[in-house]
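Presented below is the structure to which this report refers.
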């Protein structure tokens, strides 16, 4: 694991130098993936790295864990509360849709959740522009394969250092890096609505996805769920579609 961490920090430095940037930032959600990335960017750029905490009608525990992750890694943070922005923008959009006869009640929860993720992405890039920092993503191999991220939200980043690591490997890295146990062992959740958890939303577990990615045998039901998630999220892992050149 020491070699993996050294390899990643070296890669992060190379990408920053390649881009002519000054350093790195990450959105701190209070989850294990962002806590690991916090440690990595702090190691890569001790004096030019930043964690951005962005509550948006969030659970208080998430912000508490985000602060714990920052303190444990020594990462400087800034808090930008997006609740008021979200409370202004979402109703305005919905009102205009209703007036135009375009509002669909069944789409409200997902539209709300994705707007929160995209507000956070916009915030990270605004902060990054001020500091000339690259935005570092937190998606792991399981999330990337299944498309468990918001397009142009938490998937809208410059770098994805954990994209080749399973959730289990990220957990091992977190333990090596000294991420607080309260974060390592919490139930994975994007915190996009009350009671939401990653595994309930996906319909399978990270353990099953990890085993699948390693080529191990898993129940057919879980395999079908993972394949379906992967196939329908294909567009998320691609550049915007364009017609072929003539």
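Odds and ends about this structure:
- Estimated distance in nm for a label pair at residue 85 and residue 104, the labels positioned 7 Å out from Cα along Cα-to-Cβ: 2.7
- Three-way shape label, the chain, alpha-carbon gyration tensor, a/c 1.5: rounded
- Packing rank of 117-123, 201-207, where each peptide gets the mean count of other beta carbons within 10 Å, highest leading: 117-123, 201-207
- Over the chain: helical MRE at 222 nm, DSSP H runs n ≥ 4 each giving -39500 (n - 2.57), nearest 500: -17000 deg cm²/dmol
- Kirkwood Rh, Cα atoms: Rg over Rh of the range 89-185: 1.09
- Long-range Cα-Cα pairs in the range 1-126 (distance over 22 Å), rounded percent: 46
- Distance (nanometres) between label positions extended 7 Å along Cα→Cβ at residue 186 and residue 227: 3.6
- Packing-based ranking of 146-158, 76-88 yields 146-158, 76-88, ordered from highest to lowest mean Cβ neighbour count within 10 Å.
- Alpha carbon centroid spacing (whole Å) that separates the range 33-109 from the range 154-187: 17
- Ranking of 134, 24 by neighbouring Cβ atoms within 10 Å, starting from the fewest: 134, 24.
- On the basis of the beta-carbon distance and an R0 of 25 Å, residue 200 and residue 238 show a calculated FRET efficiency of 0.35.
- Pairwise label distance in nanometres, residue 130 with residue 59, each label 7 Å out on the Cα-Cβ vector: 2.9
- The order of 94, 104, 246, going from fewest to most other C-beta atoms within 10 Å of their C-beta, is 246, 104, 94.
- Taking 234, 65 and counting other C-beta atoms within 10 Å, the order from fewest to most: 234, 65
Throughout, read-outs are computed from the coordinates displayed, never taken from laboratory work. Note that the structure is predicted; figures quoted are calculated from it, not measured. Methodologically, a virtual Cβ is constructed for each residue, glycine included, from the backbone with ideal geometry; neighbour enumeration extends over all protein chains shown.
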